[in-house]
Amino acid sequence: MNMNELSNPNSYTALEGFNLTDAMNEEMVGMDVSFDRIKIPAGGSTVFEVPGDAPGETDAVKEFTGVILFHHPLFSYYRERFAGGNNAPDCGSYDGVTGVGNPAGARPAGGSCAHCPLNQFGSGENGGKACKNKRRIYILREGELIPLLLTLPTGSMKEFSVYVKRLLAKGRKTSAVVTRFSLKKVTNAGGIAYSQAQFTVDRPLTDEELPYIAAMAEQVKQFATRIGYEDEPASAMAVDPETGEIIDAEPTPQPLR
């Protein structure tokens, strides 16, 4: 790998010679596997919080670009109010199809997410779902070797679904293009403002870049199920059971006593 390519990146060919699996296995033995995160603000702000160059520092940006290496549902249900930390949910799902766990009173142990009563609107606070539905997106920016993690809240799920379908209609996958991410301030019928992620194609990947991205994407898939539920926001937006609109913010979780 030519390090000069990283200091002056103009393509994803800088991935040549880099193996994420080997690097993580060698350098992170005995440590929790995770990736730095991009955060979507609350209250309708249109500025992302992204990891900065210095450890622990963040930068505020209006938009950024990167390749979506992999994305998957992230469902989680806690019988007791989630107070943060690294506690696994009582039932969770990395594919949005099958739940793993024991949500007492709903089903014996895991099962079909589509048929779970806790995954229906109205089962949670303010008409939302008791099981929180989000989506994790693994993004690789040009000039970097480790992907970043973006967790989409409920209010951005529809926009992402539309974007993916537009790509598929043209015979492309999300991992075949560089995506431009931005935020839009949206106000629902109840007057509540929230930040909604927007997605557009910045450019298609070149034939030279595609094999490197494909190899990285496969490696990221292997790590996805090893990343726990820790560091996910403890609060989430409630959703109108009829329209799916964001209607209110759930109360800030308090520590369990």
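Values in this text are rule-based calculations from the coordinates and carry no lab data. None of the values given here were measured: they were computed from a predicted structure. All Cβ positions, glycine included, derive from the backbone under ideal geometry; neighbour counts span all protein chains shown.
Beyond 18 Å between alpha-carbons counts as too far, so tell me which of LYS158/LYS185; LYS62/LYS173; LYS129/LYS184; LYS62/LYS185; LYS158/LYS184 fall in that bin.
LYS62/LYS173; LYS129/LYS184
Fewest Cβ neighbours within 10 Å first, please rank ASP90, ASP202, ASP22 accordingly.
Listed from fewest to most nearby Cβ atoms, that is ASP22, ASP202, ASP90.
What per residue convex hull volume, in Å³, do the alpha-carbon atoms of the stretch 131-170 yield?
Spelled out: Cα convex hull of the stretch 131-170, divided by residues, is 88 Å³.
Spin-label point model (7 Å from Cα, Cβ direction): what's the GLN120 to VAL186 distance in nm?
2.5
What is the order of SER123, SER34, fewest Cβ neighbours within 10 Å to most?
Fewest-to-most ranking of SER123, SER34: SER34, SER123.
From the P(r) of the stretch 113-235, can you give the percent of Cα pairs sitting at distances over 22 Å?
Every Cα pair in the stretch 113-235 considered, those over 22 Å come to 48 percent.
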